[in-house]
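Q: Supplied in structure tokens, the structure appears directly below.
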Amino acid sequence: MKARTCWEAVCTVEDLVPESGIAVWTAAGPVAVFYLPHRLPALFAISHTDPFSGANVLARGLTGDLKGQPVVASPLYKQHFNLVTGQCLEDEAVSVQTYPVLLDGNEIRLEVPVKQSETEAA
Amino acid sequence: MSKKTLIVVGNGMVGHHFLEQLVASPAAADYDILVFGEEKQLAYDRVHLSEYFAGSTHADLAMGTADWYTEQGIQLLLNEPVTGLDRDQRTVTTPKGDYHYDELVLATGSYPFVPPIEGREHPHCFVYRTLEDLDAIRASAQAGKSGVVVGGGLLGLEAANALKSLGLQAHVVEFAPRLMPVQLDTDGGALLRHKIEELGVQVHTEKATTAIVAGEEARLRMNFSDDSHLETDLIVFSAGIRPQDALARSSGLEVGERGGIVVNDQCTTSDPHIHAIGECALWDQRIFGLVAPGYTMARTLASVLNGDQEAAFTGADMSTKLKLLGVDVGSIGDAHGQTPGARNIRFNDEQIGHYRRMVISEDGKKLLGAILVGDNSHYDTLLQYALNGIALPDNPETLILPESQGGAPALGPDALPETASICSCHNVTKGDICGAIDAGCGDLGSVKAETKASTGCGGCTALLKNVVDSELEKRGVEVSKDLCEHFPYSRQELFHLVKVNGIRTFSTLIRQHGRGHGCDICKPAVGSILASCWNEHILATDHVPLQDTNDTFMANMQKNGTYSIVPRIPGGEITPDKLIVLGEVAKQYNLYTKITGGQRVDLFGATLSELPEIWEQLIAAGFETGHAYGKSLRTVKSCVGSTWCRYGVQDSVGMAIRLEDRYKGLRAPHKVKMAVSGCTRECAEAQSKDFGVIATENGWNLYVCGNGGMRPRHADLFATDLSDEELIRTIDRVVMLYVRTADRLQRTSVWMENLEGGLEYLKQVVLEDSLGICAELEEHMDGIVGTYQCEWKTAVEDPEKRKRFREFVNAPEKKDPVQQWTTERDQRRPVLESA
Ligand SMILES: Cc1cc2nc3c(=O)[nH]c(=O)nc-3n(C[C@H](O)[C@H](O)[C@H](O)COP(=O)(O)OP(=O)(O)OC[C@H]3O[C@@H](n4cnc5c(N)ncnc54)[C@H](O)[C@@H]3O)c2cc1C
Ligand code: SF4
Ligand code: SF4
Ligand code: FES
């Protein structure tokens, strides 16, 4: 069964940092939103959690492109994640969740599952 | 034997190149050389003429200097056109007198053709050829709004870009049905037009101008044969060039039907004592309107004058690759497929705006020509196939298909024959490059210096690099000092580019000297270079995305995503009051506290949003950032020295504080550590530091390039018994040299080991100023010291910068759920996740 989703407003354009990421808290947990103005589309959203360390840090990684794909490098152990697919470039078996993202007027919205228990949020 | 006189008429690109070749050869001794130039300025790089509008000066574009001419004993007579030639008397005439020659070289170039249109003498009509032309255009544009270029060829489009850069609404009026009719076909021309119009330049094709009259809304009105018209404030004619052959005509030398001084393979005219090279020369019924063939003629003639019987000009390739208004355009060989039986393969993606066409021989084996619009990445490979007659693969279409559709990767340098021409400006083949490498050139820079390859138009840079890398690799040399896939340069080369060209942002640097958008390798490296050069705040908007997370948040990220904080404690000296503040802050935020090896205190476990709050308190108590997160000076460790220690001979703490205050904040290729000991007992372990200072009875001994850590290296004794001032000046110089020349993430120890000439060389440069750069190094350092700011102070005072420290921008109160804590030895520490 397909989970029900909604487009959650998470921040505004003013919150974004060009060529860089910010973290937001959503119904699906912590998500990193990246703004790469030279790309079309320019917004990307992936999980904020670094699968290698378990720490919520991906939004603080450096962005860039490798062989044409937009990527972020984990600030802890420097693995790269494709911002479109979530795929880790160094380890085929690892990827992070990606989220559809859109610009609605001045607001950034993410498509996230509606019902996500927040039990893990201490 | 008395010397003969050689006169060169024309001081342009080719004339200058000829002189360079000639004076470097034995024949130079046989001649007194005189050069006449019609222009006021010494020969300059006309190919890059448009850069004059972007701020380059004549000095930037000049091919040489007046001093060079003097040193070579060449008499340079500028602003003195040759107006007459008497072949019987062997004299040339200028407004100032007659001059005798034994050999005459005509290098008069060409002049722009202005079609005979009524009204073309109007003062706001121009051509685009010389610096003076550009000065006039600039003056006219100042009070104008729009400009028209007549002619949609290569130069016309360049001129249109220039008009646009002057702030004018630019139009291109072309007689033919498409742009660049010589180089492009219908589809290519249409795509180029589309792209150029997108950039705001209006293109009018199939327009023949009949008259230029006074305008109603603008200065001028152009009337076209189809009864339409266009108003404009200025007009630039770029309707082709004509060889400057006036002297040849008036003196009865053989000239071509449509102009051009007829020359043979030796570049000699119908008079054996007169030679012609460059755009004024007509060889095999052809004029060459590019600089590379002109250079080849210049080299040929220099060899001929040296008695080389074999020297011959045998024609030149007219392929071109350019960026016109930011759009890639390439044209190779028989681009129009005029060879009998030629067949075409086309790839046209209108979606992304790429057009590629290959013209192949009847048997499908050879590439005859090609056209590229929108993307020149296939140019080098295609050119090599065409020039060297390399057999095409079975599915030649793979050469122009995108890789995702089965396209073949670029032709590797290994596939090229020894005779393949790599640099056509300087006629360098792959064989020449291999020769240079075998003769000892060990990197790209020395191959360039040795062969001159890639020092002309620059079009061959990427290919040259590939060939050099592959040849070096074959010889077992470890290569690629490239920073990463985005920059084909080492850190040192980038530093130089940034400094010399005054580049202040990453985006400018990557646009001009790199490709793509950067990555986690090049961004911090460039960030550090920019900081070393200009010392702007690392959180200035342009620089934020460049910094490693530690530099961005000015703290060290730990494994659970929290940060540690290390305030500066210069020389390890701290007042009890300050120590108490550290304790209080640590207690308030429950920070794990540990003394570091560098005599400071490290506070662990702060969350992102706590960082500015904590720093506010620390700054109020007089602390500054310790740069523990940066590739910069960490600590200057010291022993207690003569103030307390019974053995001490100098005040090591005082000196350590002075050094730490001087170099704090300086961005370097890697971290830098220093230490000062108060006597030879060396309690501060200075000899394991990048810069170690040990007190002597007479002053200070300086040790450099030591290291502890993973690869220990004992520092080298560099200078002895220095006074305080001498010590600081010496460290200034070594540090700055390191900052400028080291590779990314290269500690001073490795830098020294790789420095050619090693310690002795470093001593010569720094202590004896063998390169004459010490004053500059000191000045650079003084500039950086003078612009120091505590980054944390600047950041906490600026609400915009503080915004960066929100853990979740939409939920300020949210605590990061994965940061779980427990207590050990009376302090908080993270819960280790079960792996
Ligand atoms: C805007 C522009 C862009 C270009 N871009 C490219 C490019 O991308 N790639 C490329 O390969 N080529 C390019 N070219 C062409 C290139 O500049 C020429 O091929 C090259 O300059 C030819 O050199 P030359 O020495 O033959 O002529 P010139 O450089 O024109 O030099 C001839 C000199 O002789 C002087 N002279 C003429 N008659 C006399 C006389 N009677 N007495 C004394 N002096 C005289 C002239 O004043 C002039 O200074 C470009 C040209 C222009 C204008
Ligand atoms: S290095 Fe010398 S001055 Fe410094 S503490 Fe040791 S013994 Fe004393
Ligand atoms: S020695 Fe290893 S574990 Fe200890 S701080 Fe350095 S990197 Fe970390
Ligand atoms: S081809 Fe022009 S510099 Fe090499």
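Q: Among the residues of the range A:37-45, are any under 11 Å from the mean Cα position of the chain (by Cα) and at the interface with chain B (Cβ under 9 Å from one of its Cβ atoms)?
A: Within the range A:37-45, not a single residue is under 11 Å from the mean Cα position of the chain (by Cα) and at the interface with chain B (Cβ under 9 Å from one of its Cβ atoms).
Q: Which of the following residues is within 18 Å of A:Val112 (Cβ to Cβ) and among the small types (Gly, Ala, Ser): A:Ala42, A:Ala55, A:Ala59, A:Ala73?
A: Answer to the check: A:Ala59.
Q: For the range B:772-781, which positions are of a type outside the set (A, V, I, L, M, F, W, C) and without any contact (Cβ under 8 Å) to a residue 24 or more places away in the chain? Break it down stepwise before answering.
A: Narrowing the range B:772-781 to residues of a type outside the set (A, V, I, L, M, F, W, C): B:772, B:776, B:778-780.
Result: B:Gly772, B:Glu776, B:Glu779.
Q: Inside the range B:196-238, can you point out the residues that are assigned to a loop (DSSP other than H, G, I, E, B), over 35 Å from the mean Cα position of the chain (by Cα) and among the β-branched types (Val, Ile, Thr)?
A: B:Thr205
Q: Another question, if that's okay. Output yes when any residue across the range A:59-66 is among the polar types (S, T, N, Q) and either under 21 Å from B:Pro524 (Cβ atoms) or within 12 Å of chain B (Cβ to nearest Cβ) (or both), and no when none is.
A: Yes, the range A:59-66 has at least one match.
Q: Show me the strands (runs of 3 or more DSSP E) entirely contained within the range B:276-335 in which 1 or more residues are touching a residue at least 60 places away in the same chain (Cβ under 8 Å) and within 16 Å of ligand 4 (Cβ to nearest atom).
A: Hits in the range B:276-335: B:320-324, B:327-333.
Q: Read through the list (1) out of contact with any Phe, Trp or Tyr (no Cβ under 9 Å at 6 or more places or on another chain); (2) not in a loop (DSSP other than H, G, I, E, B), then give the number of the only condition that B:Ala628 fails.
A: (2)
Q: Let me ask something additional. Could you figure out which of (1) outside the structural domain of B:Gly278 (by TED's automatic domain parsing); (2) more than 40 Å from the chain's Cα centre (by Cα) isn't true of B:Gly256?
A: Among (1) outside the structural domain of B:Gly278 (by TED's automatic domain parsing); (2) more than 40 Å from the chain's Cα centre (by Cα), B:Gly256 violates only (1).
Q: Could you please find all residues in the range B:88-136 being over 41 Å from the mean Cα position of the chain (by Cα), surrounded by fewer than 14 Cβ atoms within 10 Å (Cβ to Cβ) and at negative phi?
A: Those that are over 41 Å from the mean Cα position of the chain (by Cα), surrounded by fewer than 14 Cβ atoms within 10 Å (Cβ to Cβ) and at negative phi: B:Asp88, B:Gln89, B:Pro95, B:Lys96, B:Asp98, B:His100, B:Pro116, B:Glu118.
Let's see how each residue does on (1) within 14 Å of another protein chain (Cβ to nearest Cβ); (2) not in a loop (DSSP other than H, G, I, E, B):
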position	(1), (2)
B:Lys763	no, yes
B:Gly772	no, no
B:Leu777	no, yes
B:Glu807	yes, no
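Yes/no matrix, rows are residues, columns are (1) surrounded by 21 or more Cβ atoms within 10 Å (Cβ to Cβ); (2) assigned by TED's automatic domain parsing to the domain that holds B:His48; (3) at pLDDT 90 or above; (4) of a type outside the set (A, V, I, L, M, F, W, C):
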position: B:Arg138; (1), (2), (3), (4): no, no, yes, yes
position: B:Lys145; (1), (2), (3), (4): no, no, yes, yes
position: B:Val148; (1), (2), (3), (4): yes, no, yes, no
position: B:Gly152; (1), (2), (3), (4): yes, no, yes, yes
position: B:Gln169; (1), (2), (3), (4): no, no, yes, yes
position: B:Val172; (1), (2), (3), (4): yes, no, yes, no
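A quick yes/no check of all residues on (1) under 22 Å from B:Ser564 (Cα atoms); (2) free of Cβ contacts under 8 Å to residues at least 60 places away in the same chain; (3) away from every other protein chain (no Cβ under 14 Å); (4) within 16 Å of ligand 2 (Cβ to nearest atom):
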position	(1), (2), (3), (4)
B:Thr596	yes, yes, yes, no
B:Val601	yes, yes, yes, no
B:Arg634	yes, yes, yes, no
B:Val640	no, yes, yes, yes
B:Gly648	no, yes, yes, yes
B:Val653	no, no, yes, yes
B:Arg662	no, no, yes, no
B:Arg681	no, yes, yes, yes
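Q: Would you point out which residue out of B:Gly260, B:Gly315, B:Gly278 is surrounded by fewer than 18 Cβ atoms within 10 Å (Cβ to Cβ) and touching a Phe, Trp or Tyr at 6+ places or on another chain (Cβ under 9 Å)?
A: The unique qualifying residue is B:Gly315.
Q: Continuing with this model, one more query. Hey, any hits in the range A:17-29 for a residue that's under 20 Å from B:Phe808 (Cβ atoms) and polar (S, T, N, Q)?
A: yes
Q: Can we say B:Glu38 is crowded, with 19+ Cβ neighbours inside 10 Å, farther than 30 Å from B:Gly215 by Cα and either of a type in the set (A, V, I, L, M, F, W, C) or more than 12 Å from ligand 1 (Cβ to nearest atom) (or both)?
A: Answer is no for this residue.
Q: Still on this model: Mind listing just one residue for me: the one in the range A:1-29 that is free of Cβ contacts under 8 Å to residues at least 60 places away in the same chain and in a strand (DSSP E or B) and, of those, surrounded by the fewest Cβ atoms within 10 Å (Cβ to Cβ)?
A: Only one residue tops the list, namely A:Ser20.
The values are calculated or read from the model by the stated rules, or taken from the named source; none is laboratory data. On a predicted model such as this, the values are computed, not experimentally measured, just so you know. Every residue, glycine among them, receives a Cβ derived from its backbone with ideal geometry; neighbour counts consider all protein chains shown.
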